[in-house]
Amino acid sequence: MHNLRRLQHHDPHAPDWRKIARLLAPLEAVNAALDSPATTHRRRAMLDTVALLLTHCAETGRTFWAWTGEEWIHLLGRDQIQFHRHSPAWAGDEVRPYLAAHAYLLGSFTDFHKLGSFQRLTLSRRIFGRARVDEEITRIRAVLGAWGYQLGRPEDTLLPMVACQVFLLNRSPYCEDLDTDLFDRIRENRMLQGPQLNTLHALQRAVADLGFCDPPQQRTGRQNARASGGARVWEQWVDRWHDTSTLTPGVRGDFRCTLLRVGRWIAAEHPEAGDPSDWTRQTCATWIAALDRMNVGDYVQRTVGLKDRLGKPLEAATKAGQITALRTFFRDCQEWDWLPQRFDPQRALAVPRTIAALLGPDPRIIADEIWAKLLWAGLNLSAEDLPQTQAGHFYPFELVRALTLTWLFSGQRSNEISRLRTGCIRWQHQDATIDSTSDHPRPGHRRMAVPATGPAEVHRSPNRGTRRSAVRRSCPACFDQLHQQYGHPDALPQGGSPARRYSWQHHQPPRPLNHRQPALQRQGTDDLVRASGVARAPIAAVLPVLREDHPEHTLQSLQRSRVFRAERSHRRSPHRSRQGRLGRRCRR
């Protein structure tokens, strides 16, 4: 081995050198042809590469010309760790790049995408020459840079890596030799992935602009190929609708995939319904019933990316989206007089109630550790944490901080927070409620008044604190009648319109319920932070305008004992007949 590696004091005239001269000559020719500086370090790596190849020939009993691609991959390794596992201990990291050059020139090896990460640019420069490779990359950069690609910048490293791998696969460093079949073969064999595949698209565009190949084919969304399948007649109708519709390209592409899935179902279950003109209301009902029982992966063209979801029932949102796509297709075709109006798509292809009931928000419990982080971030919020422009902050910092603390500790929804008035916070001191503008010492419990929605709401001025009457909505006569009988507008029961609002004997305006509190506050009230958000106050104590001693309240006939009962739940009044007559009078 000392003589084979040609270390110091080796014997260059040993008789065994003449026996392997036929194998040694091409190896020496490759080392001499590589564009690599003749430094001591690189010279040592070249000699060790020759020794490694000769050793492997002796172990396998076959010359390197007869090695298969898998044998070269086994010797090179898919990474440095695997290379050292299959190589002698004296083979260092610097041997593997030179071994790849010998595999390319002597063994016609081109499966570089199976070798993991390695310096493709360095390998191409050693094989084809540094000046030639840099010149071709510069030509491509000039085209991409004129189009505004970031790949056209000199500091980019992604384009040289992809371009050099394409040069190696084509066994030529010239752009003139790159053809369309080469780019298609790279995509079909998945030789590049992720950002490298996007760079390949830009590279083909640049080469096509130079006049050496065809431009890349237009893809549909995130799919690698245009979806197809199902009944042939159905697919033709879908393509005609896709080319005519004015929806956005993304929506049209998603609807097309959904409609082709319907076509596959037709081809498998109902071949007689392949023509959309043969569809009836019964066909629509049959398809909706089948869709309601479909699973993930049924009647799809590709299952890549589904993984663990295969075989699971479809989500309600997915079912509703596919029904919407088919309804839009038939509605447009009938409006354009392409199909006879044999049924109404809005009714025959409406989302069933069982599916619509499952749509909507799906709240989840916030973990304690996440809620603790939110509390810490809200309590330590500063002006530097907010985004700003050249003109400064878009919203005042005080407003953002107030909204943050309100969301954290009040447990209100966004629409409830937007209705909060200035001065809605009241401090509870024993049995008395203290106004926010008072100089009385602040106790530890706070109460918040959340206004109820109604035909007219009371707004408080930030400066004077006086009551302003809002613009009244429709049915002013009914509203005046109810207002005169029950006093303050906030005392009105909630309903669709003033004419349908009946006075309940013990009605009180809606206010924050425990189930509306944040997740951490709902878990208990043993903490002062949690208790401050859960505690509630009687509505008469929260709203000063509803107290008898309030100077602005001039309606002495307000029957608070009947209309407002603190801490009482909503119950229907036993005097239902009188309330019904009142409602009928309002409607008249």
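The values are calculated or read from the model by the stated rules, or taken from the named source; none is laboratory data. All of these numbers come straight from a predicted model, not from anything done at the bench. Positions of Cβ are generated from backbone atoms using ideal geometry, with glycine treated the same way; all protein chains shown enter the neighbour counts. The protein model used for the area step is the full one, side chains on, heavy atoms only, and it has no ligands, DNA or RNA in it. Shrake-Rupley method; radii C 1.70, N 1.55, O 1.52, S 1.80 Å.
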Next on the checklist: 7 Å from Cα along Cα→Cβ at both GLN217 and LEU405: what's the point-to-point distance in nm?
Outcome noted: 6.3
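Give the residue list of trypsin sites (Lys or Arg not before Pro) in the range 96-176 that are DSSP loop and have at most 13 other beta-carbon atoms within 10 angstrom.
ARG171
Measure off, as a whole percent, the carbon and sulfur share of the 1.4 Å-probe accessible area of the range 67-203, all protein chains present.
Numbers: 3060 of 6300 Å².
Result for the range 67-203: 49 percent of the exposed heavy-atom area is carbon or sulfur.
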Checklist entry - On full extension of the chain, what length is gained from LEU375 through ARG240, given 0.36 nm per residue of separation minus the C-alpha to C-alpha distance? => result 43.1 nm
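Enter the accessible area per residue of the range 381-422 (Å², integer; probe 1.4 Å; all protein chains in place). Don't skip to the answer; put the middle values down first.
Numbers: 2920 Å² over 42 residues.
So the range 381-422 comes to 70 Å² accessible per residue, rounded to a whole number.
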Checklist entry - Where nothing but the Cβ of Lys and Arg (+1) and of Asp and Glu (-1) is charged, how large is the charge dipole of the range 44-156 around its Cα centre, in debye to the nearest 20? => result 220
Checklist outcome for this item: Taking a straight Cα-to-Cα line shorter than 29 Å from LYS307, and setting aside same-chain lysines fewer than 8 residues away, one finds LYS114, LYS319
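Apply 1/(1 + (r/R0)^6) to the Cβ-Cβ distance of THR68 and ASN189, taking R0 = 25 Å, and write down the FRET efficiency to the nearest 0.05.
Taking R0 as 25 Å, the efficiency between THR68 and ASN189 is 0.90.
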Checklist entry - With a Cα-only, solvent-free Debye model of the range 49-176, what are the log10 I(q)/I(0) values at q = 0.15, 0.22 Å⁻¹? => result -0.73, -1.26
Checklist entry - Long-range amide H contacts for ARG447: which residues qualify at under 5 Å (H placed 1.01 Å from N, peptide plane, sequence gap of 5 or more or a different chain)? => result ARG426, TRP427, GLN428
Item to check | Partners for LYS19 among lysines (Cα-Cα distance below 20 Å; same-chain residues under 8 apart left out) | outcome: none
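What's the carbon and sulfur percent of the range 227-319's accessible surface, probe 1.4 angstrom, rounded to a whole number?
Numbers: 2520 of 4980 Å².
Answer for the range 227-319 is 51 percent, counting heavy atoms of protein chains only.
Enter the accessible area per residue of the range 1-151 (Å², integer; probe 1.4 Å; all protein chains in place).
On the way: 7850 Å² over 151 residues.
Ligands and nucleic acids excluded, the result is 52 Å² per residue.
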